[in-house]
Amino acid sequence: MAKFVDLKKSRYPLDFHEAKAAFEREFVSSALKKFDGNVSSTAEEMNMSRRNLHLKIISLGINVEKMRP
């Protein structure tokens, strides 16, 4: 069942594009942390190409080096 976001308690901004970017940044970052910053393993888990994930990481400004042990 879908969960609804309580906008009064949400940490996302109300602007759609900003909220989408914030969600993507959090989603991709948590997936990368799960695999210690390994882009190939993360891409496989997310069912997307390594190249597309790498481009998404760049566009979101995520620093993968900080996630590696």
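The values are calculated or read from the model by the stated rules, or taken from the named source; none is laboratory data. These figures come from a predicted structure and were not determined experimentally. Backbone-built Cβ (ideal geometry, glycine too); neighbour counts: all protein chains shown.
Brief remarks on what is shown
- The condition of being modelled with pLDDT of 90 or more and assigned to a loop (DSSP other than H, G, I, E, B) does not hold for Asp6.
- Residue check, Ile62 surrounded by 13 or more Cβ atoms within 10 Å (Cβ to Cβ) and assigned to a loop (DSSP other than H, G, I, E, B): yes
- The residues in region 9-58 that are modelled with pLDDT under 90 and either in a helix (DSSP H, G or I) or closer than 24 Å to Pro69 by Cα (or both) can be counted, and the count is 8.
- Neighbours by Cβ (under 7 Å, 6+ apart or cross-chain): first from region 36-56, at positive phi and in contact (Cβ under 8 Å) with a residue 24 or more places away in the chain; second surrounded by 12 or more Cβ atoms within 10 Å (Cβ to Cβ) and β-branched (Val, Ile, Thr): Gly37/Val64
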